[in-house]
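The values are calculated or read from the model by the stated rules, or taken from the named source; none is laboratory data. Note that the structure is a prediction, hence the values are computed from the model and not measured. Methodologically, a virtual Cβ is constructed for each residue, glycine included, from the backbone with ideal geometry; neighbour enumeration extends over all protein chains shown.
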Amino acid sequence: FFFVPSIMMHAIPPNEPDHEEGCAAHNPTWKAVATVAFCTLSMTFAVVALLHTTERSTVLVSPSLRHGTRLQVPRAIAMQLDARHPPLLSGYPSSASRVRALNSGSSTQSTKIFQGGQEALRILSPLLFVLALIGAAVFARKHKFAACNAKNQDNLALMVTTAEVDRKFPPLKNDTVLKAIKGEEVDRIPIWVMRQTGRYLPEYREFTKDKEFFSRCRSPEVACELTLQPFRRFDLDAGIIFSDILVVPQALGLQVSMVRGMGPVFARPLRTKEQWLKVERDMLSRYGVTDASPEASADLCISKAADFADALGYVYDAITLTRTKLDGRAPLIGFTGSPWTLFVYVTEGRKTKSYTQVSKWVHCEEEFSHRILKVMSHVCAQYLIRQVEAGAQILQVFDSHANVLPPKEWAQFSLPYLNMVAEIVKKECPDIPMICLPKNAHFAVDYLTDSPYDMVSIDPTLDLGEVHRKMTAVGKGVQGNMAPTALYAPKEKVSETVKETLEEAFGDGSVLPKRYIFNLGSGMNPDMDPENLGAIVEAVHDFGKK
Ligand code: 1CP
């Protein structure tokens, strides 16, 4: 009864692929209970109808041939018993139970319980049975009950609150970043920096010299070691898992490699709608859906987004291992690229200054671009949710290509999907802090005051104090925004720049700002001196201390 609707579930396309409806793992249990009850009732009704509309005969079940219990059984069974009557009797000793049909195959003594109209019901009952099955399947499909596999059910327990995930890891000894995001008082300004793991560290270069870039990402042990490296040198207040935003397109089946001096290069960048339809088709066929029409495949992909995110298990393993090994020194940040930024990468295929290909997509294939962005959003959201379950304590969404579009178009092609990602994530993990980085897009800040993100990460072109006032007025915070170029100055000057940046924004530091995390406007460069990062960390922590 439970399997048949579940098998049919995969045959019938979903009516509402919208995540809102979710599957039972995301929905109240009553839906699951109702589905099971509905299936059971339908089946029981059909079976009872079938039995009750069958002609009956009376049989005697007896230890001797004279006494015993009279039972009503379907006539066909009685006829069978009758046929076996002599062998039954001769084959059994007198003490054994015997069954004797009192009325034989002829209709002389058989009792017709139902007549006329009942005969029609008897013929109809198999049909009723099938209808009940379809009904149960459609009902279950609506609530996507059967689409929830056992793994999702297991995850249900983890999805409730981050506190439940926390119990599996060593206690957090430094929660300054989390306090800052929540707007609580801090005893020092917290700091982490983008690309704190990377080639500027000699130990990173040494450890990675014989390891291809994405193979580093795919090895939880390597990713863990690289994430921990900067902690051996600096008193950082957060770690960011070593990975890359481009592992998501890889999980969607797109081939990308990291070429030294060029950055990420896609084997077949998306240039036509047919190419993307093939991506959808291939993804679905990996999960057993082989006959999806182009009209239905995007919605089907969305309904399978959690399955697609499974392909990134190595990231989740890396997060779990790293958080364990971090041993509570600082919280661990998980991340994804924004749907828009990933769209730029997959359409351009390699570094570009003109953004020709992505511009062609948005201007010539507007509707189809939204289709791709929507699928990406659902996959990114599921990817982030899985990172939280694996141990990520903060999430950051990198809209690294936010500056490709003018503000109005960014609000059309990036903002809705940034928000979609955060909304889906927050629905599952309501207390996970989320930071959005709209790189080099100053206009984005205003839009993000009214979004599910807790913080915005800003670049040096913005006035830190002003953005901080704007964001804190709506209960949100700011991360940023020292120019990374300042790291090319001598060590003492670097410390001075930190002090100046903070004083300009927050005064003399007698009161430390709430809802603020120090960071660079963008990442560390390979030729920067690690000592200078050490000086920054010290200067930030010393700020406001007499
Ligand atoms: O071998 C190397 O060291 C290559 C450099 C490198 C590193 C260290 C790349 C190549 N990716 C990473 C790791 C990485 N990438 C991390 C974790 C490490 C950390 O930050 O401490 C993170 C968070 C990212 C995220 C990432 N990858 C972004 C978003 C941040 C940003 O810079 O805007 C982007 C855009 C990428 C793509 C990427 N990865 C690497 C390169 C060269 C690029 C292309 C950058 C570009 O297009 O300009």
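Just one of the listed residues (LEU512, LEU502) is within 19 Å of ILE181 (Cβ to Cβ), touching a residue at least 60 places away in the same chain (Cβ under 8 Å) and in a loop (DSSP other than H, G, I, E, B), and it is LEU512.
Name the helices (runs of 4 or more DSSP H) wholly within the range 318-415 that hold at least 3 residues that are farther than 23 Å from ILE302 by Cβ, away from the ligand (no atom under 16 Å from the Cβ) and assigned by the TED database to the domain that holds THR272? Even if it seems obvious, please write down each step before you answer.
Working: elements: 339-348, 356-364, 366-390, 407-413.
Of the helices (runs of 4 or more DSSP H) lying wholly inside the range 318-415, those with at least 3 residues that are farther than 23 Å from ILE302 by Cβ, away from the ligand (no atom under 16 Å from the Cβ) and assigned by the TED database to the domain that holds THR272 span 356-364, 407-413.
Scanning the range 208-221 for residues being closer than 11 Å to PHE242 by Cα and within 12 Å of the ligand (Cβ to nearest atom) gives a total of 4. Only a single item in (1) over 30 Å from ASP175 (Cα atoms); (2) crowded, with 18+ Cβ neighbours inside 10 Å; (3) aliphatic (A, V, I, L, M); (4) modelled with pLDDT of 95 or more is not met by VAL315, and it is number (1). Inspect all residues belonging to the range 253-267 and state whether any of them is away from the ligand (no atom under 11 Å from the Cβ), assigned by the TED database to the domain that holds THR324 and surrounded by 20 or more Cβ atoms within 10 Å (Cβ to Cβ). So far as the range 253-267 goes, yes, one or more of its residues are away from the ligand (no atom under 11 Å from the Cβ), assigned by the TED database to the domain that holds THR324 and surrounded by 20 or more Cβ atoms within 10 Å (Cβ to Cβ). Remark: pairs (first residue in the range 277-303, surrounded by fewer than 16 Cβ atoms within 10 Å (Cβ to Cβ); second residue small (Gly, Ala, Ser) and modelled with pLDDT of 95 or more; Cβ separation under 7 Å; 6+ apart in sequence or on different chains) = ASP282/GLY253.
To keep it simple, each residue is scored yes or no on (1) in the same structural domain as MET482 (by the TED database); (2) in contact (Cβ under 8 Å) with a residue 12 or more places away in the chain; (3) more than 14 Å from the ligand (Cβ to nearest atom).
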| site | (1), (2), (3) |
| --- | --- |
| GLU164 | no, no, yes |
| LEU172 | no, yes, yes |
| ARG188 | yes, yes, yes |
| GLN196 | yes, yes, no |
| LEU201 | yes, yes, no |
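Taken over the range 231-249, the residue count meeting the criterion of being assigned to a helix (DSSP H, G or I) and either free of Cβ contacts under 8 Å to residues at least 60 places away in the same chain or of a type in the set (Asp, Glu) (or both) is 1.
Tell me, which residue of the range 200-230 that is in a loop (DSSP other than H, G, I, E, B) and charged (D, E, K, R) is surrounded by the most Cβ atoms within 10 Å (Cβ to Cβ)?
That would be LYS211.
The listed residues are SER400, SER359, and the only one of them that is under 25 Å from ILE191 (Cα atoms), among the small types (Gly, Ala, Ser) and surrounded by fewer than 24 Cβ atoms within 10 Å (Cβ to Cβ) turns out to be SER400. Of everything listed in (1) over 34 Å from the mean Cα position of the chain (by Cα); (2) within 22 Å of GLY465 (Cβ to Cβ), the single unmet condition for PRO530 is (2). Of the residues making up the range 458-480, those that are outside any helix (DSSP H, G or I) and farther than 15 Å from MET524 by Cβ number 10. Being within 16 Å of the ligand (Cβ to nearest atom), farther than 26 Å from ASN525 by Cα and outside any helix (DSSP H, G or I) is a property that does not hold for LEU270. If you go through the range 494-533 one residue at a time, how many are within 16 Å of the ligand (Cβ to nearest atom) and surrounded by fewer than 16 Cβ atoms within 10 Å (Cβ to Cβ)? Matching residues across the range 494-533 total 3.
Quick one: would you say MET283 is within 16 Å of the ligand (Cβ to nearest atom) and out of contact with any Ser or Thr (no Cβ under 8 Å at 6 or more places or on another chain)? No; evaluated as a whole, the condition is false for this residue.
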